[in-house]
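Everything below concerns the one structure shown next.
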Amino acid sequence: MKNLSPIRRGSLVETAIDSLRQAIQQGEWQIGQRLPVEAELAESLGVSRNTIREAVRVLAHVGMLETRQGDGTYVRSTRDPGESLRRIGRSRLRDQLEVRIMLEAEAAGLAARRRTASDIERMTEALDQRARAGDNLEQRIAHDEAFHHTLVEAAHNPALLELYRYFAQSVAETIQRTEQEADLPEPSQEDHELLLAAIRQQNPDKAAVLARALLKPSLAALEEP
């Protein structure tokens with residue numbers, strides 16, 4: 001196993017997790033391939049079988065591995081969602097805004113086609129709460145997040161919703177930064193109301209344009225030299 005190196009220091013379980021993750025990402029085992037038995041992995045890494053067992057459990061929990069009772073452990077994915085989230089979190093605000101615009105513009109167009117009366121009611125409530133929050137920044141941010149999540153739910157696309165939830169921490173970060181930083185234009189209550197009106201009127205093209213327009217000024221400010 002050329003991509004595995006013995007563990008020398010640090011947290012044994014954490015280091016075992018990192019070693020196995022890197023080996024999988026570097027192609028030591030392909031998707032669908034069975035990993036060596038615990039004893040062989042433990043010997044390669046220089047740790048106990050219990051340490052390997054715990055590392056495998058963690059990687060199975062995040063979806064990289066799959067443990068089949070009585071059969072062994074198989075590679076399910078070469079990507080660790082947790083690590084992907086950490087990389088997204090380390091990316092620039094401009095990059096996060098670009099992704100958010102893409103997701104929310106598509107969601108707004110779909111929501112305009114598919115929204116239900118209940119969806120409209122929940123989006124309206126979130127925006128009303130946002131307006132009532134006034135200068136209470138913490139509450140305004142919370143209700144702003146609620147509106148955007150409800151909008152994506154109104155698209156009634158489970159895959160898009162799951163992707164948006166996966167990106168939720170970065171969405172929260174962009175909302176907080178645009179609300180808190182004076183040099184980033186803050187989307188107004190009116191901008192949000194116009195977007196909701198387009199969804200209510202079932203105008204998908206207008207809804208998508210308005211969803212993009214919410215964040216374009218902040219994106220433009222970040223692109224200035």
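The values are calculated or read from the model by the stated rules, or taken from the named source; none is laboratory data. Predicted model, so just to flag it, every value in this text is computed and none were measured. Backbone-built Cβ (ideal geometry, glycine too); neighbour counts: all protein chains shown. Surface accessibility is based on the protein's heavy atoms, side chains included, excluding ligands, DNA and RNA. Shrake-Rupley method; radii C 1.70, N 1.55, O 1.52, S 1.80 Å.
Condition test on A126, is it touching a Phe, Trp or Tyr at 6+ places or on another chain (Cβ under 7 Å), in contact (Cβ under 8 Å) with a residue 24 or more places away in the chain, under 22 Å from N203 (Cα atoms) and open to solvent by less than 20 Å² (accessible area, probe 1.4 Å)?
Values: touching a Phe, Trp or Tyr at 6+ places or on another chain (Cβ under 7 Å): yes; in contact (Cβ under 8 Å) with a residue 24 or more places away in the chain: yes; under 22 Å from N203 (Cα atoms): yes; open to solvent by less than 20 Å² (accessible area, probe 1.4 Å): yes.
For A126, the condition - touching a Phe, Trp or Tyr at 6+ places or on another chain (Cβ under 7 Å), in contact (Cβ under 8 Å) with a residue 24 or more places away in the chain, under 22 Å from N203 (Cα atoms) and open to solvent by less than 20 Å² (accessible area, probe 1.4 Å) - is met.
Please specify each residue of region 55-75 satisfying the condition of being in a helix (DSSP H, G or I) and more than 14 Å from R21 (Cβ to Cβ). Spell out how you get there, then give the answer.
Initial filter on region 55-75 (in a helix (DSSP H, G or I)): 55-61.
Across region 55-75, there are no qualifying residues.
Which condition number in (1) touching a Lys or Arg at 6+ places or on another chain (Cβ under 7 Å); (2) modelled with pLDDT under 90 is the one that Q26 fails?
(1)
Give all pairs with beta carbons closer than 7 Å in which a residue from region 134-155 that is closer than 19 Å to I101 by Cα and without any contact (Cβ under 8 Å) to a residue 24 or more places away in the chain meets a residue that is small (G, A, S) and surrounded by fewer than 20 Cβ atoms within 10 Å (Cβ to Cβ); count only pairs at least 6 apart in sequence or on separate chains.
Final answer for the pair search is H143/A133.
Output the residues belonging to region 159-204 that are more than 21 Å from G134 (Cα to Cα), open to solvent by 50 Å² or more (accessible area, probe 1.4 Å) and in a helix (DSSP H, G or I).
Selection gives A159, E162, L163, R165, Y166, Q169, R200.
Kindly establish whether E153 is closer than 15 Å to D119 by Cβ and crowded, with 16+ Cβ neighbours inside 10 Å.
yes
Go through region 41-58 and count every residue that is out of contact with any helix residue (DSSP H, G or I) (no Cβ under 7 Å at 6 or more places or on another chain) and either open to solvent by less than 30 Å² (accessible area, probe 1.4 Å) or without any contact (Cβ under 8 Å) to a residue 24 or more places away in the chain (or both). Explain how you work it out, then say what you get.
Within region 41-58, the first condition is being out of contact with any helix residue (DSSP H, G or I) (no Cβ under 7 Å at 6 or more places or on another chain), and the residues that meet it are 43-44, 46, 50, 56-57.
Subsequent filtering for residues that are either open to solvent by less than 30 Å² (accessible area, probe 1.4 Å) or without any contact (Cβ under 8 Å) to a residue 24 or more places away in the chain (or both) retains 43, 50, 56-57.
So the count comes out to 4.
Can you find a residue in region 127-135 that is modelled with pLDDT of 90 or more, within 20 Å of the chain's Cα centre (by Cα) and among the aliphatic types (A, V, I, L, M)?
No, region 127-135 contains no residue that is modelled with pLDDT of 90 or more, within 20 Å of the chain's Cα centre (by Cα) and among the aliphatic types (A, V, I, L, M).
Please work out which one of (1) out of contact with any helix residue (DSSP H, G or I) (no Cβ under 6 Å at 6 or more places or on another chain); (2) at pLDDT below 95; (3) not polar (S, T, N, Q) is the condition I141 fails and give its number.
In the conditions (1) out of contact with any helix residue (DSSP H, G or I) (no Cβ under 6 Å at 6 or more places or on another chain); (2) at pLDDT below 95; (3) not polar (S, T, N, Q), I141 misses (1) alone.
Against the definition (assigned to a helix (DSSP H, G or I) and open to solvent by less than 60 Å² (accessible area, probe 1.4 Å)), how does L97 come out, yes or no?
Values: assigned to a helix (DSSP H, G or I): yes; open to solvent by less than 60 Å² (accessible area, probe 1.4 Å): yes.
Yes; evaluated as a whole, the condition is true for this residue.
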